[in-house]
Amino acid sequence: MNAGKSAAGAVLSKSATLLPQSGNPMPRLKKLDVGAGRAVGSINSEGLPNNGIEYYVSDEVLDAVKATGKPYIVSLSGLSTADNLAMLGKVAAAAARKPNTIAAVELNLACPNIPGKPTVALDFDQMADVLDAVAGHAAFRASGLPLGVKLAPYFDGPHLDRAAALINACERVSFVVTMNTIGNCLVVDTATEASLIAPKGGFGGVGGGFAKPIALAHVAGLRKLLDARVDIVGVGGVRTGEDAFQLILCGATAVQSATTHWLEGPKCFNRIDDELRALMASRGYTKLADFRGNLRAYDKKNPKHKGGPKAAAAAAPTPYAPLAAAFALGCLATLALGLLDGLFSSP
């Protein structure tokens, strides 16, 4: 199965650079398991391997994705502001050349795995400059394409406040993707007494199940801070329909999955979709808007809370119970995104 034939709701390109690049040395991506599968994640330092922007906006790719009937989101991760502006020009030209083939642009300001390149989303002055430059790009503005910004994980409340303020101040941004992998992590292989991956001395970004609590906090926090016009794509630990449900409950309009797509392939979208639909039905929900953003505060009077997490889990239909939804999402390479409705239109 490919992404176009799956239950994915859209197709997301690899994060493109201006020119093709092969990425960091191998091995640069490894699966991580903790506690009998309770958390499945990954560590990577890929270094943005991709075919270059010309490929992702070529007639060949645009026609192929259009044939699937799914929206196509082009992800950009230039090595400089100049590169990002040049790529936006190419995207705008492609959208004019082939109308209705590109649905949106994701500007990835959060890649932690490029040697010598700081993470833009962690340098707020630089982030402000990039957003100003992008907002002032005449050809891209004229294209009318929605713009999203992929953010890094933040571990201090004021940092999340600052990022949200910058997004709110840039009217050109219509959605955020939160969050990228947790950078500067190191996993050691005891058998070889060496790092698990090769690039950057073994340092890389951790994603998957390990990132989920942080992703939930980012979605919930940003939903309170961002203007209502800004949608949120939740990323981090989406392995089941229940994971998707929780991110939507925190306020996500859409979800993205990378580690699970890497491990299972595009068929994961069908499974997640089925699980989410079943979970919604078990709770009497018929549409995502019925529960999106309705996360409740802990209430000790709620009988489901008595006895702690184990009792709550026992009350659930099954561990990782059914949950799936209107859309999921596929990709051209190692990333996948789930568009759960309303990202490009009013809910």
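Points worth noting:
- Region 228-269, subset touching a Ser or Thr at 6+ places or on another chain (Cβ under 6 Å) and closer than 25 Å to Lys31 by Cα, residue surrounded by the most Cβ atoms within 10 Å (Cβ to Cβ): Val238
- Evaluation of Lys66 against (1) touching a Ser or Thr at 6+ places or on another chain (Cβ under 9 Å); (2) charged (D, E, K, R); (3) under 28 Å from Tyr154 (Cα atoms) (one fails), failing number: (3)
- Every pair of residues 6+ apart whose Cβ atoms lie under 6 Å, when the first sits in region 179-196 and is more than 19 Å from Val219 (Cβ to Cβ) and modelled with pLDDT under 95 while the second is aromatic (Phe, Trp, Tyr) and assigned to a strand (DSSP E or B): Asn184/Phe203
- A count restricted to region 163-198 and to residues that are among the basic types (Lys, Arg) and assigned to a helix (DSSP H, G or I) stands at 0.
- For the residues Lys212, Lys200, the requirement of being surrounded by 16 or more Cβ atoms within 10 Å (Cβ to Cβ) and either touching a helix residue (DSSP H, G or I) at 6+ places or on another chain (Cβ under 8 Å) or of a type in the set (A, V, I, L, M, F, W, C) (or both) singles out Lys212.
- All positions within region 19-58 that are touching a helix residue (DSSP H, G or I) at 6+ places or on another chain (Cβ under 6 Å), surrounded by fewer than 19 Cβ atoms within 10 Å (Cβ to Cβ) and not in a strand (DSSP E or B): Pro25
- In the condition set (1) buried (at least 19 other Cβ atoms within 10 Å of the Cβ); (2) more than 24 Å from Lys30 (Cα to Cα); (3) of a type in the set (D, E, K, R), Asp274 is compliant with all but (1).
- Filtered residues of region 250-270 (kept if in contact (Cβ under 8 Å) with a residue 24 or more places away in the chain, of a type outside the set (S, T, N, Q) and not in a strand (DSSP E or B)): Cys250, Gly251, Ala252, Ala258, His261, Trp262, Leu263, Gly265, Pro266, Lys267, Cys268, Phe269
- In region 66-87, residue surrounded by the fewest Cβ atoms within 10 Å (Cβ to Cβ) [restricted to those that are assigned to a helix (DSSP H, G or I) and of a type in the set (A, V, I, L, M, F, W, C)]: Ala67
- Per the conditions (1) part of a helix (DSSP H, G or I); (2) of a type in the set (Gly, Ala, Ser); (3) touching a residue at least 60 places away in the same chain (Cβ under 8 Å), the sole criterion not satisfied by Gly201 is (3).
- Which listed residue, of Ala135, Ala142, Ala128, is in contact with a Lys or Arg (Cβ under 7 Å, 6 or more places away or on another chain) and surrounded by fewer than 23 Cβ atoms within 10 Å (Cβ to Cβ): Ala135
- For region 124-161, a residue qualifies if it is of a type in the set (S, T, N, Q) and free of Cβ contacts under 8 Å to residues at least 12 places away in the same chain, and exactly one does: Gln126.
The values are calculated or read from the model by the stated rules, or taken from the named source; none is laboratory data. Treat the numbers as computed from the prediction; the structure is a model and nothing was measured. Please note: Cβ atoms are built from the backbone with ideal geometry, for glycine as well, and neighbour counts cover all protein chains shown.
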